[in-house]
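Participant: Below is one structure. I have some questions about it.
Just so you know, all these numbers are worked out from the coordinates, no wet-lab data involved. Keep in mind that what you see is a predicted model, and the values were worked out from it rather than measured. Neighbour counts run over all protein chains shown; Cβ positions are idealised from the backbone, glycine included.
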Amino acid sequence: LHHTHSEDHKMRPLFLVLLLSFLQLLRPPPRCHGADLPGHMQPLGSHRPPESVPRLTHIPSAEEFHENWEKAGQPVVLEGLLKGTEVLRNWQQDDYLRAQFGEDKLHVEQGKKENSSGAVYFISMAEFLDRYLKEDIYMVSDMPEAMRKEWLLPKFLLCGGYTQHLMFVYLWFSSGGTRSILHSDSYENLHCLVSGRKEFLLIEPKYTETIGPELQEFGFYPIDVDSVNMTARPGLAEVPWHKATVNEGDCLYLPYNWIHQVEFGWPARQAVML
């Protein structure tokens, strides 16, 4: 084939375009880092099915609780631990709470999705009872002394020195639909539900580094629990998690440093954490 130098110059761009297009077809499609990971931009826990948390239908002895659960660092749901108690019967009634504790001042937060920076203020129990069904607020507060006098510790915590190490008693109260941030606590927890239902997402402490850096001074992870960006935390896609459902009258033992996120279902009212 005979052609001039000018003709060769004219054909080269077309040849280069065809060559580049052919090479492009041979390349694998690009991966979107995070976007192709399970659970990307979905609620926390969508990346894989949950594992179960053991449930006890009897009240353990102090020895059983210590050996099987506390010493082992294993969460467990204690079904019906509050069954038959006056607290379970009386604290479900707003009229009773208003009459007995109406003047006590309690810590209230604005908004039902915890973000660690929302508006907080103190109001009386009576005012909270007037507002919580109509407004986007929830209570998370130290339990007033008058309420502590009615609250009874489980029998398995009354010996073995547990009462000497009781740090605080928290009270949660809302109309439902509250969601916590993903966080961990440096102390043992016993979550008891007076009424309503709570769903706990639990992750073993050994996966702390896999999930990614946390804000150590507060112990929480800056993750949107409604829409997890797997691009920012790709390690989370490989982390197994446990689900614990806590119903009215149940308690959940949660060992220290277990990472967790909590949803207070509909309808909801009160929970107590020791």
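Participant: Tell me the volume per residue, in Å³, of the convex hull enclosing the alpha carbons of the range 74-117.
Facilitator: About 156 Å³ per residue, rounded to a whole number.
Participant: Separate question: Measuring from label point to label point, each 7 Å out along Cα→Cβ, what is the Ser124 to Asp95 span in nm?
Facilitator: Output for this residue pair reads 1.9 nm.
Participant: Okay, moving on. Take Thr245 and His66, extend 7 Å from each Cα along the Cα→Cβ direction, and tell me the distance between the two endpoints in nm.
Facilitator: In this crude label model, Thr245 to His66 measures out at 3.4 nm.
Participant: Find the percent of Cα-Cα distances in the range 116-274 that exceed 29 Å, and round it to a whole number.
Facilitator: It works out to 22 percent of all Cα pairs.
Participant: Here's something else I'd like to know. Which stretch or stretches of the range 65-79 have amide N atoms under 17 Å from the point lying 7 Å from His165's Cα along the Cα→Cβ direction?
Facilitator: Only 65-76 fall inside the zone, counting backbone N under 17 Å.
Participant: To continue, here is another question. At a Förster distance of 41 Å, what's the computed FRET efficiency of Lys149 paired with Arg48, Cβ-Cβ distance as r, to 0.05?
Facilitator: Taking R0 as 41 Å, the efficiency between Lys149 and Arg48 is 0.35.
Participant: Of the GluC sites (Glu not before Pro) in the range 92-141, which ones lie in a loop per DSSP and count no more than 15 other C-beta atoms within 10 Å?
Facilitator: Of the GluC sites (Glu not before Pro), the ones in loops of the range 92-141 whose Cβ has at most 15 other Cβ atoms within 10 Å are Glu103, Glu135.
Participant: Then there's this: Between Glu238 and Glu79, what is the label-to-label distance in nm when each label sits 7 Å out along the Cα-to-Cβ direction?
Facilitator: About 3.6 nm, to one decimal.
Participant: Same structure again: Within 10 Å of each candidate Cβ there may be at most 11 other Cβ atoms; applying that plus a DSSP loop requirement, which chymotrypsin sites (Phe, Trp or Tyr not before Pro) in the range 84-191 survive?
Facilitator: Passing sites in the range 84-191 are Phe168.
Participant: Can you run phi through the Karplus equation (6.51, -1.76, 1.60; θ = phi - 60°) for the range 122-128 and list ³J(HN,Hα) in whole Hz, with x for Gly and Pro?
Facilitator: Values, residue by residue: 10, 9, 6, 4, 4, 5, 4 Hz.
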